[in-house]
Amino acid sequence: MSTALKRPAARLAVLASGRGSHLRNLYKACAQGILDAEISLVVSNNVRSGAWHFASSEDLPHWFCNTSADVKRSAVDKALADCLLEHRIDWVITAGYLKKIGPSTLAAFPNKIINIHPALLPNYGGAGMYGQNVHRAVLAANERQSGATVHYVTAHYDEGAIIAQNHVTITPGMTPDSLAEAILKIEHPLLVHALQGLLTHHD
C-alpha cells in the first residue's frame with residue numbers, strides 16, 4: 001500500500017519592527033493548520049519590540065538585524081540575505097518592518113517577499129507612509145474608504161504588484177487610532193488568506 005508523500009510545510013520568515021500582531025496571527029494560523037507553513041525565522045531590528053519578545057517566548061529562531069546608521073546598507077542587506085538562505089526560507093513576510101529590503105535579498109528571493117500595507121495601494125504608499133502617517137493622510141483627504149493591501153516587495157516602497165486587498169468604510173468621527181484599529185481587524189485575515197493562496201498556487 002503506497003501513501004502519497006506530504007509536501008513539507010513552507011518555511012516562513014517574518015520581519016517585524018513593532019508590536020508583532022501579524023507575527024502572532026501568522027503563528028496562530030500555522031498552529032491551527034489554516035496556513036500550510038511554519039515560522040522558521042523572525043527578524044527584527046528592534047530588540048525591544050513585541051515581535052522580538054514573542055519570538056523569544058515561543059522559542060522561535062530569531063535574528064537581530066543591525067540597521068543602525070553606522071552599518072552600511074549593503075552590509076545589512078547581505079547579512080539579511082545570508083541569514084534567510086541559511087534558514088532555508090521559502091517565503092519572507094515584512095509586517096511592520098520599517099526598513100527597505102535591499103537588492104541582495106530581493107535577488108535571493110524573487111517574488112517570494114510580500115508586505116502588508118495599511119491602505120489601498122497604489123494610494124497612500126511610498127517613503128514615510130507607514131502606521132499613523134498613512135491614517136492621518138487618508139483622513140485629511142476626506143476619503144470614504146481605506147483598507148489594507150498585500151503586495152510583492154520590490155526595490156521601491158509599496159510599488160510591487162498587488163496580491164490582495166480589502167476595504168473598510170470610514171465613518172464620521174474616525175480618528176487615526178480608530179481607523180488603524182478597524183484596518184487591523186481586516187489585515188490579519190487578509191494576510192493569512194493571501195499567503196495561503198500563494199502557497200497553494202506555488203505547490
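Apply the a/c threshold of 1.5 to the C-alpha gyration tensor of segment 117-203 and tell me whether it is rounded, prolate or oblate.
Oblate shape, in that a/c is at least 1.5 and b/c is the bigger or equal ratio.
Just grab the label-to-label distance for ASN111 and ALA161, each label 7 Å out from Cα along the Cβ direction, in nm (one decimal).
So the label points at ASN111 and ALA161 sit 0.5 nm apart.
Could you list the trypsin sites (Lys or Arg not before Pro) in segment 23-85 that lie in coil according to DSSP, counting only those with at most 10 other Cβ atoms within 10 Å of their Cβ?
Sparse-neighbourhood loop trypsin sites (Lys or Arg not before Pro): ARG48, LYS72.
State, as an integer percentage, the relative contact order of the chain based on alpha-carbon contacts under 8 Å between residues 6 or more apart.
Averaging sequence separation for qualifying contacts and normalising by length gives 18 percent for the chain.
Relative to the present Cα-Cα distance, how much length would full extension add between SER56 and ALA75 at 0.36 nm per residue of separation?
Length gained between SER56 and ALA75: 4.3 nm.
With the contact rule set at Cα under 8 Å and sequence spacing of 6 or more, what percent relative contact order holds for segment 9-110?
About 36 percent, as a whole number.
If you rank PHE109, PHE64 by fewest surrounding Cβ atoms within 10 Å, what's the result?
Fewest-to-most Cβ neighbours within 10 Å comes out as PHE64, PHE109.
So, in nm, how far is label LEU85 from label THR200 when the simple model puts each one 7 Å beyond its Cα toward the Cβ?
Rounded to a tenth, the inter-label distance reads 3.3 nm.
From the helices alone, meaning DSSP H stretches of at least four residues, give me the mean residue ellipticity at 222 nm for the chain, per-run term -39500 (n - 2.57), in deg cm²/dmol to the nearest 500.
Helix contribution divided over all residues of the chain: -11500 deg cm²/dmol.
Under a straight-distance cross-link criterion of Cα-Cα below 18 Å, which aspartates and glutamates are reachable from LYS99, leaving out those fewer than 8 residues away in the same chain?
ASP70, ASP77, ASP82, ASP158, GLU159
Could you list ASP70, ASP177, ASP158, ASP90 so that the one with the fewest beta carbons within 10 Å of its beta carbon is first and the one with the most is last?
Listed from fewest to most nearby Cβ atoms, that is ASP70, ASP177, ASP90, ASP158.
Label ALA140 and LEU184 with points 7 Å out from Cα along Cα→Cβ: what is the distance between them in nm?
Reported label-point gap for ALA140 and LEU184 is 2.3 nm.
On a C-alpha basis, how far is the centre of segment 64-118 from the centre of segment 150-203 in Å? Whole number, if you could?
Distance between centres, Cα-based: 20 Å.
Where does the charge balance sit around HIS117 when Lys and Arg score +1, Asp and Glu -1, over other residues with C-beta under 13 Å from its C-beta?
-3
What ³J(HN,Hα) values, in whole Hz, does the Karplus curve 6.51 cos²θ - 1.76 cosθ + 1.60 give for segment 9-23 when θ = phi - 60°, with x put for Gly and Pro?
4, 5, 9, 9, 10, 10, 9, 8, 10, x, 4, x, 5, 5, 4
Sort segment 9-110 into rounded, prolate or oblate with this rule: let a ≥ b ≥ c be the square roots of the eigenvalues of the Cα gyration tensor; rounded if a/c is under 1.5, and if a/c is not under 1.5, prolate when a/b is larger than b/c, oblate otherwise.
Cα axes put segment 9-110 in the oblate bin.
Taking the Cβ of ALA180 as the centre, find all other residues whose Cβ is under 11 Å away and add up their charges (Lys, Arg: +1; Asp, Glu: -1).
Computed value for this residue: -1.
Taking springs between alpha-carbon atoms closer than 10 angstrom, which of GLY96, GLY33, GLY125 fluctuates most in the Gaussian network model of the chain?
GLY33
Excluding same-chain residues fewer than 8 positions from LYS100, which lysines have a Cα within less than 29 Å of its Cα?
Output for LYS100: LYS28, LYS72, LYS78, LYS112, LYS185.
The numbers here are math on the coordinates, done by the rules we state, and not lab data. Everything numeric in this text was worked out from a predicted model, so none of it was measured. In this analysis, Cβ positions are derived from the backbone assuming ideal geometry, glycine residues included, and neighbour counts consider all displayed protein chains.
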